[in-house]
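Structure first, commentary second.
Just so it is clear, none of the values below were taken in a lab; they were calculated from the coordinates. Just so we're clear, the structure is a prediction, and the values are computed from it rather than from any experiment. Reconstructed Cβ throughout: ideal geometry from the backbone, glycine too, with neighbour counts over all protein chains shown.
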Amino acid sequence: MPYICPICSAPLILGDKSWACSQRHQFDCAKEGYVNLLPVQKKKTKDPGDNKEMMIARREFLNKGFYQPLSDKVNQLAVQHHPQAKMLLDIGCGEGYYSHRLFEAMQTSAEHCALYGLDISKSAIRSAAKRYSDLHFCVASVFEMPFADDSIDLAIRIYAPSKVEELQRVMKPGSTLITVSPGPMHHFALKQKIYSQPRLHPQESLLLEGFNYLKHESLTYSLSLTQEDDIHHFLNMTPYAWKLSDMQKRQIIEQGLECEIDFKIEIHQREQSTAD
Ligand SMILES: [Zn+2]
């Protein structure tokens, strides 16, 4: 089992309905099947991460397949670069959309792989665990990941932040990390409605110490939203959409939205030598 105690870093052992370490720090399994590995004393706010409303908006939006090309591309690269990966991790997995699609894709190439999904938002993890019972989800911080050293073969990090020391620690030598961040033109049409001079997202590569930079790909397409619900969900999950006035929102809903999608996908390989 790859979980470690978030308080003392000792391995966690699964008991009857909880995980515990040798120091008797104990973490209960929720009835939905996930485990909360975020110690109360390390919580900065009562309910960290995306709130339930944002989570539901994103779940509904993703379910409609609007970002499926991204999921497909990530999965294709994962299978291509690390077909035999057994231990898979989705860093900042949210409600599990990309996690479960990655798991399905990897099962065809790797036998008996396991996927772990981590997010700080309890409502997102609860929803993920309820829906995808064959994956392993935990509430935890991406800055202190509750996984053993050198335990992960393949990780995806879609939009989430991370800490390079933690990535170096949990990723096995030679393992693969796929990161996704907004490309220059991402959501430009929407930003034009908000800012008088919208800035492009930065172009530069994400260079991570301790990892070799293998490849960069961009995925661009035009997203055409006409249904009120879809636009509503899109606006609710977009970080800067709260800057729109109610009137602007109504206008977008009435007129529909044609928006650029521009994802930057980068592949990093953990260096073979562990002497950092
Ligand atoms: Zn402990």
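Describe numerically, in nm with one decimal, the distance between label points set 7 Å from Cα along Cα→Cβ at Ser196 and at Lys130.
So the label points at Ser196 and Lys130 sit 4.5 nm apart.
Which residues among the stretch 136-154 fall inside the zone where the amide N is under 16 Å from a point 7 Å beyond the Cα of Glu32, along Cα→Cβ?
Residues 136-141 fall inside that zone.
What are the equivalent ellipsoid semi-axes of the stretch 191-276, built from the alpha-carbon gyration tensor (square roots of five times its eigenvalues), in whole angstrom, biggest first?
37, 14, 12
Sorted from largest down, give the three principal axis spans of the alpha carbons of the stretch 109-186, whole angstrom values.
So the extents along the principal axes, rounded to whole Å, are 35, 31, 28.
Which of the chymotrypsin sites (Phe, Trp or Tyr not before Pro) found in the stretch 78-164 are loop residues per DSSP with 15 or fewer other Cβ atoms within 10 Å of their Cβ?
Phe143, Tyr159
Once you have the Cα-Cα distance between Phe188 and Ala20, take 0.36 nm times their residue separation minus that, and quote the gain in nm to one decimal.
Between Phe188 and Ala20, full extension yields 55.7 nm more.
Output the pairs from Lys52/Lys249; Lys73/Lys191; Lys86/Lys122; Lys17/Lys163; Lys73/Lys130 with a Cα-Cα distance over 28 Å in this structure; if there are none, say none.
In this structure, Lys17/Lys163 lie more than 28 Å apart at Cα.
Run the quick spin-label model on Leu207 and Glu254: label points 7 Å from Cα toward the beta carbon, then report their separation in nm to one decimal.
Reported label-point gap for Leu207 and Glu254 is 5.1 nm.
Can you give the Rg and Dmax of the chain based on its C-alpha atoms, in angstrom?
Cα only, the chain: 19.2, 60 Å (Rg, Dmax).
For the stretch 48-182, what number results from the quotient of the Cα radius of gyration and 2.2 N^0.38 Å?
0.96
Relative to the Cα centre, what is the charge dipole magnitude of the chain, using +1 at the beta carbon of each Lys and Arg, -1 at the beta carbon of each Asp and Glu, and rounding to the nearest 20 debye?
Result for the chain is approximately 660 debye, rounded to the nearest 20.
With each label point set 7 Å from Cα along the Cα-Cβ vector, what nm distance links Thr226 and Asn63?
Going from the Thr226 label point to the Asn63 one covers 2.2 nm.
Of the GluC sites (Glu not before Pro) in the stretch 108-189, which ones lie in a loop per DSSP and count no more than 11 other C-beta atoms within 10 Å?
Glu111
Could you give the radius of gyration (one decimal) and Dmax (whole number) of the Cα atoms in the stretch 2-125, in Å?
My reading of the Cα-based Rg and Dmax gives 16.2, 46 Å.
Can you put Arg131, Arg126, Arg24 in order of Cβ neighbours within 10 angstrom, beginning with the fewest?
Arg24, Arg131, Arg126
Consider just the alpha-carbon atoms of the stretch 75-120 and return their Rg together with their Dmax, both in angstrom.
Answer for the stretch 75-120, Rg first and Dmax second: 10.0, 30 Å.
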